[in-house]
1. Being more than 22 Å from Phe326 (Cα to Cα) and not small (Gly, Ala, Ser) narrows it down to one residue among Pro219, Pro227; which is it?
2. Check the stretch 245-259 and report whether any residue there is part of a loop (DSSP other than H, G, I, E, B) and under 29 Å from Pro199 (Cα atoms).
3. Residues being surrounded by 16 or more Cβ atoms within 10 Å (Cβ to Cβ), touching a Ser or Thr at 6+ places or on another chain (Cβ under 9 Å) and not polar (S, T, N, Q): count how many of those fall in the stretch 218-241.
4. Which one of the conditions (1) out of contact with any helix residue (DSSP H, G or I) (no Cβ under 8 Å at 6 or more places or on another chain); (2) closer than 18 Å to His336 by Cα does Leu256 fail to meet, given that it meets all the rest?
5. Is there a residue in the stretch 6-18 that is at pLDDT below 65 and in a helix (DSSP H, G or I)?
6. Is there a residue in the stretch 146-159 that is in contact with a helix residue (DSSP H, G or I) (Cβ under 7 Å, 6 or more places away or on another chain), part of a helix (DSSP H, G or I), over 30 Å from Leu240 (Cα atoms) and modelled with pLDDT of 90 or more?
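The values are calculated or read from the model by the stated rules, or taken from the named source; none is laboratory data. All figures in this text were calculated on a predicted structure; none of them were measured in a lab. Note: ideal-geometry Cβ built from the backbone for every residue, glycine included; neighbour counts use all protein chains shown.
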Amino acid sequence: MGLDADHIRDPMDPSRPSPAAPAFKNRRTGLAVFGVFTVMLGAVSGMLVPLMFFGQRMAERSTGVPADPRAMLPAMLMYGTSAVALVWLGIGSIMARRWARVLILIFSWTWLLMGIVSLAAMAFVATRLTEVIRSAVPAGQPQMTGPMIQTIIAVQFVAILVLFVLLPIAWILFYRSPHVRATCEANDPAPAWTDACPPAVLALSVWTALSAPMVLVGPLTYRSVFPFFGVLVTGLPAALISVVVAALLAYSAWALHRLRPVGWWLMTLGSCLATLSGAMTFARIDPMEMYRAMGFPEQQLEQMQKFSIMTPSLMIGASVLFAVAFVAYMLSVKKHFRSE
């Protein structure tokens with residue numbers, strides 16, 4: 001017959017029951033292992049920044065198009081931010097911090113979503129991708145055969161499947177475990193800032209906050225150009241619009257974290273207006289015209305047009321699908337927002 005905690009006697013004092021055994025399995029070792037791997041992911045992300053310079057130089061030599069360091073600024077900011085965040089989260093996991101577990105889950109779900117979207121997009125544009133690979137072969141060089149191109153596409157597909165689907169699934173399965181959660185809460189009992197709102201809302205708040213500085217990268221990278229309901233706003237008015245949008249995103253992130261309804265309304269209506277604005281603009285204006293207004297050199301525009309996979313209709317369709325999915329997500333979390 002099994003014994004409960006009340007019947008287990010302390011050997012040092014038989015009259016007093018010994019403390020009950022913990023109701024969860026300690027996962028400190030697993031948190032440390034996954035934390036180290038998360039730090040390694042951050043290191044890889046950080047190494048992509050200098051590799052971009054080498055890739056840009058190699059592309060410049062092969063295509064003859066002069067490289068512009070400003071064009072790499074958005075990607076450098078993304079990879080640099082990811083590197084710092086992943087190292088920070090990995091250390092938090094090693095220390096069994098409750099905030100680290102929640103944020104790593106948010107990162108992992110986003111990571112997985114990106115992988116699923118990438119696989120779907122790759123399957124959708126597979127035919128166009130074949131044409132792009134053929135056109136990438138320099139003139140005078142032997143053309144690739146069909147099986148060779150299919151092999152290249154298959155390798156890319158498998159790489160995305162492993163790196164952007166299977167790996168994030170492993171992170172999700174580990175960090176969503178109730179034993180991992182209990183371990184973090186036992187080692188870090190004080191409430192963290194990540195406990196102020198449900199994880200689904202916290203994810204929205206975090207990514208909204210990270211989007212705010214990205215909006216300001218455009219005016220810093222090239223000439224200020226902002227697609228606005230069928231026209232291209234340029235110069236100082238475009239820069240001012242970018243500043244206003246970034247400020248609204250920052251405020252929305254704060255309001256979402258505080259579960260203020262105004263944050264929910266700003267993000268829901270804002271996504272609908274942004275999709276409508278983009279659809280109206282790219283239905284009338286070729287994206288290459290926008291890049292030309294941003295100051296891209298003609299040689300680079302020719303290369304972009306030659307190797308581009310997305311057409312204006314695909315861009316509009318993808319943005320509409322994203323807006324529909326985003327609004328559906330917003331409706332699913334609306335229940336968490338209290339009335340003012």
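1. Pro219
2. So in the stretch 245-259, the residues part of a loop (DSSP other than H, G, I, E, B) come out as 258-259.
Imposing the further condition that a residue be under 29 Å from Pro199 (Cα atoms) reduces the set to 258-259.
Yes, because at least one residue in the stretch 245-259 is part of a loop (DSSP other than H, G, I, E, B) and under 29 Å from Pro199 (Cα atoms).
3. Residues that pass the stated criteria total 10.
4. (1)
5. Within the stretch 6-18, one or more residues are at pLDDT below 65 and in a helix (DSSP H, G or I).
6. No, the stretch 146-159 has no match at all.
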